[in-house]
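The values are calculated or read from the model by the stated rules, or taken from the named source; none is laboratory data. In this text the structure is predicted, and so the values were computed from the model without any measurement. Don't worry about glycine lacking a Cβ; one is built from the backbone with ideal geometry, like all the others, and counts go over all protein chains shown. The area values use the complete protein model at the heavy-atom level, side chains included, leaving out ligands, DNA and RNA. Shrake-Rupley method; radii C 1.70, N 1.55, O 1.52, S 1.80 Å.
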Amino acid sequence: MKLLDIFGALKKDMDVIEQQLYRSIEGDEDLLSETSLHLLKAGGKRLRPVFVLLGGKFGDYDLNKLQHVAVPLELIHSASLVHDDVIDDAGTRRGKPTVKAKWDNKIAMYTGDFIYAKALMMATALENPELHRILAKAMVQMSIGETEQIRDFFNTDQSVRNYLLRIRRKTALLIAISCQLGALAADAPSSVHHRLYRYGYNVGMAFQIRDDLLDLCGTEKTIGKPPGSDMRQGNITLPVIYALQEEKLRVPLLKEIGQIRAAGLTANASSAIDMIRRSEGIRRSEELADQFIAKAFDALDGLPECKAKSHLKEIALFVNKRSY
C-alpha cells in the first residue's frame, strides 16, 4: 500500500480537517488571517492530523472529537514553522515565499503567536485535562528545542546526544503526541495510547534525521529549498556531526563551515556538501534512522490487528525512505 492509498482511505475525514484548518484562522483580524492562510495554502504532508485520525481508530472513533485534536496539532506545527523561518532567515518554504519574506519578521512572529492561540482555543472543546497537560508539556519542550538550536548554531563540537535531544524536542514529541492524543480522545486504553506515543516518537526521530539527510542529498526541486540550507543557517545536523568525526575530513570541513559562517546565507556550500556526501556521515545517519523505525515497529507489535495498524506501518516505511 502506498501513502496516497492511506490518505485516500482517510480522504473524507481529512477534507473536514482541512476545512477546519482554514476556518480556525478566519476572522478576528484581516492581516493575521491573510498571513496565516498564506502559510496553510503552502501545503504540507498533514502527517500529524493523519496520525491523530489513525490513533483514534484504536478507540471510539468520533471525528467531531478528533478534529479538536488534529487541527490544533497541525496549527502548532505550522506556527513553529513561521517562527523557524524568522530565526533561519528563510526566504522560501515548500517552494513558496515564507511569511517573513512576503511581509516581515514582526508580522511573521505575530502570525505564529496568532496560530498558536487559535490552536489552544480549538483544543478547549475537549474537557480531558490529561490531553491538555500533554499538549502544554509538548509545546514547552518544543520551545526549549528551538532555543537549543539557536544556541548551537555553528557549534561544530556538539555531540550526537545533543543533536538527538534537540530533534526529540523540536520534531519527535509533536508526532508522538499526535498518535497518542488521537487514541486518548477516542478513549482507547492507556496501554494503547502509550504504545502509540512510542511509535510516534521513533517515527518522529527518523523523520527529522531523514529531513536532515534530504537537506544535504536532495535537490532544490524535490525539497523546495537549496541543498545545504541548514548549514548556511548554522544548523549542524547529524550527517555533518558524523562527518566531522572523520580524521581526514575534520580540518577541511571545519574550514568550509567557517567560510560559510563568514559569508552568511549567500555562501556557496557546495564543497562542504560534497565532503559530507563522500563521508560516512550519510550512511551512519541512515543506519540510525533505520534503528528508530525498527523501534517504531516494535511499539506497534502489542496493538490489535486492524487497518490503522497497517497504515501506521506503511507510514513508517514511507518516512524512512522518503525523497521529499
- line: A 1.4 Å probe over the protein heavy atoms gives the chain a carbon and sulfur accessible-area percentage of 52
- request: Mind ranking MET14, MET121 by accessible surface for me, highest first, 1.4 Å probe?
  value: MET121, MET14
field: Sorted peptide list for 267-276, 122-131, criterion being average Cβ within 10 angstrom, highest first
entry: 267-276, 122-131
- prompt: Kirkwood Rh over Cα pairs of region 130-194 into Stokes-Einstein at 20 °C, 1.002 mPa s: D in µm²/s?
  reply: 165
- prompt: Taking a 1.4 Å probe, which of TYR242, TYR197 shows the most accessible area, and what order do the others take after it?
  reply: TYR197, TYR242
- request: Work out the FRET efficiency for THR266 and ALA9 from their Cβ-Cβ distance, taking R0 = 41 Å, and round it to the nearest 0.05.
  value: 0.35
statement: Residue-normalised value, i.e. accessible area per residue, for the chain at 1.4 Å probe, in Å², stands at 45
- prompt: Hey, what angle do you get for helix 307-321 against the long axis of the chain, alpha-carbon based, 0 to 90 degrees rounded to 10?
  reply: 10
query: Long-range amide H contacts for THR92: which residues qualify at under 5 Å (H placed 1.01 Å from N, peptide plane, sequence gap of 5 or more or a different chain)?
result: THR98
message: Can you tell me the mean projection area, over all orientations, of the convex hull of the chain's alpha carbons? Units nm², please.
response: 15.5
Packing rank of 299-312, 224-237, 64-77, where each peptide gets the mean count of other beta carbons within 10 Å, highest leading: 64-77, 224-237, 299-312
query: In the chain, with Lys and Arg counted as +1 and Asp and Glu as -1 at Cβ, which of these residues, PRO227, PHE7, LEU73, has the Cα nearest the positive end of the dipole, that is, farthest along it?
result: PRO227
task: Using the structure shown, list the pairs from LYS65/LYS102; LYS41/LYS106; LYS248/LYS295; LYS170/LYS321; LYS118/LYS170; LYS11/LYS65 with a Cα-Cα distance above 29 Å, or answer none.
output: LYS65/LYS102; LYS248/LYS295
query: Just how many % of Cα pairs in region 6-122 lie over 17 Å apart, if you round to the nearest whole percent?
result: 53
message: Cβ neighbours within 10 Å, averaged per peptide: list 285-298, 145-158, 175-188 in order, most packed at the top.
response: 175-188, 285-298, 145-158
Cα centroid separation - region 29-86 against region 295-319, whole Å: 22
